[in-house]
Amino acid sequence: GLNRRSSLCTVRVLEDTQPQPGGILREVWLGIGGKNVGDLTSYSRFPDRPHLRDEIRTFETPANWANNYGTRVRGFVSVPADGEYTFWIAADDQGELWLSPDETPEKARLVASAPSWTKPLEWTRHSTQQSSPIPLQAGDRYYIEALHKEGAWSDHLAVAWSGPGINGPIVIPATALS
């Protein structure tokens with residue numbers, strides 16, 4: 001991947017056409033009240049002008065990081081084997097997980113959501129946190145995006161999976177992300 005230096009962090013440009021395993025882009029918008037994902041997506045700076053961009057190594061953001069902010073984590077996921085995969089999302093205060101049938105962000109559909117807060121890595125508080133099984137093929141990349149909104153108190157976001165040879169839910173590792 002291409003890397004660009006800024007005074008805040010290193011940013012991987014996701015438009016690079018070659019998969020670069022090892023992390024996923026986190027974008028943060030600060031100073032947004034409310035605790036619903038809609039508060040983030042209706043914010044005037046969303047989606048093109050985040051206050052912070054960095055790369056996280058696994059599909060889990062720092063916990064207890066701040067208040068009144070929104071996060072978008074996006075990039076590509078690759079699976080190790082052909083088969084059906086199930087995805088989970090845990091978030092505080094609210095989160096949505098979107099997955100595309102290919103590399104195209106515009107084709108992404110909502111596959112799981114945390115309609116209200118969960119504990120960190122708590123995958124079963126709401127039935128909507130778990131996706132239906134989704135058939136995926138090894139060697140392909142799939143666009144994946146999580147939206148997260150934090151109001152006050154505790155905050156976190158994590159996305160997990162299970163599938164052939166993966167007894168999950170376990171947080172998606174860097175080796176599957178680009």
Residue-normalised accessible area of region 14-119, expressed per residue, 1.4 Å probe, Å²: 47 Å²
Ranking by accessible area, most exposed first, for Glu145, Glu55 with a 1.4 Å probe: Glu55, Glu145
Dipole moment magnitude, nearest 20 debye, the chain about Cα centre, only Lys, Arg, Asp, Glu C-beta charged: 380 debye
Descending Cα extents along the principal axes, region 107-148, whole Å: 33, 18, 16
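Mean 1/r over all different Cα pairs, inverted: what Kirkwood radius does the chain give, in Å? Present the calculation step by step, with values, prior to reporting the outcome.
Values: mean 1/r = 0.0622 Å⁻¹.
It works out to 16.1 Å.
In percent, how large is the relative contact order of region 45-178, given Cα pairs closer than 8 Å and 6 or more residues apart? Write out the running numbers ahead of the final one.
On the way: 332 pairs, mean separation 52.2, N = 134.
Once normalised by length, the contact order is 39 percent.
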Residue-level accessible surface for Thr58, protein heavy atoms, 1.4 Å, Å²: 50 Å²
Charge-dipole axis of the chain as Lys and Arg at +1 and Asp and Glu at -1 on Cβ define it, positive-most pick from Gly83, Leu136, Thr71: Thr71
Nonlocal amide H pairs with Ala112, under 5 Å, H built at 1.01 Å: Leu97
For region 13-109, average projected area of the Cα convex hull in nm²: 6.9 nm²
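The values are calculated or read from the model by the stated rules, or taken from the named source; none is laboratory data. Keep in mind that what you see is a predicted model, and the values were worked out from it rather than measured. Because the Cβ atoms are built from the backbone with ideal geometry, glycine has one as well, and the counts that use them run over all protein chains shown. The protein model used for the area step is the full one, side chains on, heavy atoms only, and it has no ligands, DNA or RNA in it. Shrake-Rupley method; radii C 1.70, N 1.55, O 1.52, S 1.80 Å.
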